[in-house]
Amino acid sequence: MPLPPAPNQTADELNLSKIKKPDLLKPPAKAASMVIDDDLELEVAEDENDIPSLGSQSNLARASIEKIKQVSLAKPSRHPLKNKKTAVGAKTRLFVLDTNVLMHDPSSLFRFEEHDVYLPMTTLEELDNHKKGMSEVARNARMVSRSLDGLIEDTNGALDEGIVLSKLGNKDATGKLFFQTDLKELKLPEGLPEGKGDNMILSVVRSLSETNTIYDEVVLVSKDINMRIKARAMGLHAEDYFNDQVLEDRDLMYAGVLALPVDFWPKHGKEMESWSDGKSGTMYYRITGPSVHSMMVNQYVYQENTDGSTPFYAQVKEINGKTALLQTLKDYSHQKNNVWSITARNREQNFALNLLMNPEIDFVTLLGQAGTGKTLLALAAGLEQVLDSKRYNEIIITRATVPVGEDIGFLPGTEEEKMQPWMGAFDDNLEVLHRSDDSAGEWGRAATQELIRSRIKVKSMNFMRGRTFVSKFVIIDEAQNLTPKQMKTLITRAGPGTKLICLGNIAQIDTPYLTEGSSGLTYVVDRFKGWRHGGHITLARGERSRLADHAAEIL
């Protein structure tokens, strides 16, 4: 029903004497029926002179709206998939989910917003086959089964009309869930073998596309590339599952650093306030200007001059509207500020050491290709703060145990002995840190090595759930092989006084179904950016050797 037109006179200008007053003693004129729909009739006055008053118009509008509601509620649905109403111009889609999507993201059922979701019977069969075991896939399959059980509760077996996906509290999911209830024989294209799960799902998608009369598209969603190719070959719409993609292009990933333009100080120095801290010897600058909107808290800004003068390095401490507070950094490239005899060799390493040595920063992520110094910097900072400053009482090291090649089988020994082959990178860096102390002699180095070993614990991620780390320096290596859910499990282990460092290279992902955009490391970098107790740096330049640097560029 159209809304009443806007008034063309203000209340002050309205002349009530010109409006014909209704005769309250005279009965209203008989109304004529104007047919709008098969089931809906609205009453319209026969005589245009007998226009009711403003109050009567309002009552008539309310009565008409109530009648519309009653008719729409009384009108039965002719088909479970043919009663979809969306906004004008909106594209309605029916998404058919492959099993691997549900096992990859158990909450994927609720990620399609206003669109409807369809589950073939083959998908339910495959979920049932994968629900046993202690693997991540089995846990996800059981989680999906529990969600489906909650959705079908109180439906009394009537699934043809669909189930509202927001039933379990997921307000963003405004569509419905449909199950394959018609189990009649489905025809496969010639040449495709029968009995294979993927082909059965493709036949369901094909049948839905042929019989669909209300959706603009029926789309197969699958993480299986070959299945998507087969669907396209059959003329069906198929897509990857994109909801887990934090970034579409890794070049858009937050780097943690920002280069200041050449005209930064002329534009931001007019109302600048500056002062120094006597204890730390750092300078503070409160600036206001157009570049502030592109800054984030704990981001590092720099300006290197072409004339070779001292560059400007600073950290964004706080942002308030168009005003930012910058603090200059401690120079860890100088030998007097070395961390366990290690000094920064480039700008990004200097930024990383400032993050690692800052007690106000609880969560640090370091990204970079092989040889950029991620592990060495984290281990040196941990030893410095555990053995020298005693800020933390222990170093805990863990990593994702995903092999590059074929699995070598079960390993004997205790938890730490089983993890030792995976910790070769830390052993190599410990040798570098031991060798740098020449004044201690052979016996001194041996005693130091024993002391270091007693303060470093190697733990498996399989036994992390339920633990709480208090005053620990936790290093998670190869974090690019973790899913967002695994990353959440590890980060939430941190207790009071614990610092957690994630290291990784998103160009070296070995976990199946994980990409640069869906990796847990990419996920936490994006979610933690701008947090006042977290920081991120992407290390750009390799420092391992000229051979390693050249290989990283050309291979």
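Summary table
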| item | result |
| --- | --- |
| Cα gyration tensor of region 283-358 - equivalent ellipsoid semi-axes, whole Å, descending | 25, 15, 9 |
| Residue among Ile509, Trp531, Leu353 farthest towards the positive dipole end of region 338-554, charges placed on Cβ | Trp531 |
| For region 93-239, size of Cβ-based charge dipole, Lys and Arg +1, Asp and Glu -1, in debye | 420 debye |
| For peptides 110-118, 540-548, 485-493, sequence by mean Cβ density within 10 Å, most packed first | 110-118, 485-493, 540-548 |
| 14 Å cut-off, amide nitrogen to a point 7 angstrom out along Arg139 Cα→Cβ, residues in region 479-503 | 482-493 |
| Gain in span if fully extended, Arg146 to Lys132, counting 0.36 nm per residue against the direct Cα distance | 3.7 nm |
| Cα shape, region 241-345, gyration tensor, a/c 1.5 rule | oblate |
| Check: region 234-284 dipole with +1 on Lys, Arg Cβ and -1 on Asp, Glu Cβ, in debye | 440 debye |
| Cα shape, region 338-554, gyration tensor, a/c 1.5 rule | rounded |
| Footprinting exposure proxy for Glu239, Glu394 (fewest neighbouring C-beta atoms within 10 Å first) | Glu239, Glu394 |
| Inter-label distance for Ser545 and Thr468, nm, one decimal - labels placed 7 Å from Cα along Cα-to-Cβ | 4.7 nm |
| Fraction of antiparallel bridges per DSSP, region 93-239 only, in percent to nearest 5 | 10 percent |
| Ranking of Ser519, Ser274, Ser203, Ser333 by count of other Cβ atoms within 10 Å, fewest first | Ser274, Ser333, Ser203, Ser519 |
| Sum of side-chain charges, Gln303 neighbourhood, beta-carbon under 14 Å (Lys, Arg +1; Asp, Glu -1) | -1 |
| Long-range HN-HN contacts of Glu318 with modeled amide H, under 5 Å | Leu325 |
| Residue order, fewest to most surrounding Cβ atoms within 10 angstrom, among Ile397, Ile214 | Ile214, Ile397 |
| Size descriptor, Kirkwood hydrodynamic radius, that averages inverse alpha-carbon separations across region 298-339, Å | 11.9 Å |
| Summed residue charge, Cβ within 10 Å of Arg345's Cβ, Lys/Arg positive, Asp/Glu negative | 0 |
| Rg ratio (alpha-carbon, reference 2.2 N^0.38 Å) - region 230-281 | 2.47 |
| Computed lengthening from Arg345 to Leu183, 0.36 nm per intervening residue step minus Cα-Cα distance | 51.7 nm |
| Distance-filtered residues of region 525-551 - backbone nitrogen under 20 Å, label point 7 angstrom along Thr323 Cα→Cβ | 532 |
| Shape call, region 181-292: gyration tensor on alpha carbons, a/c limit 1.5 | prolate |
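Values in this text are rule-based calculations from the coordinates and carry no lab data. Everything numeric here is computed off the predicted structure, so don't read it as measured data. Counting neighbours? That spans all protein chains shown, and the Cβs are built from the backbone with ideal geometry, glycine included.
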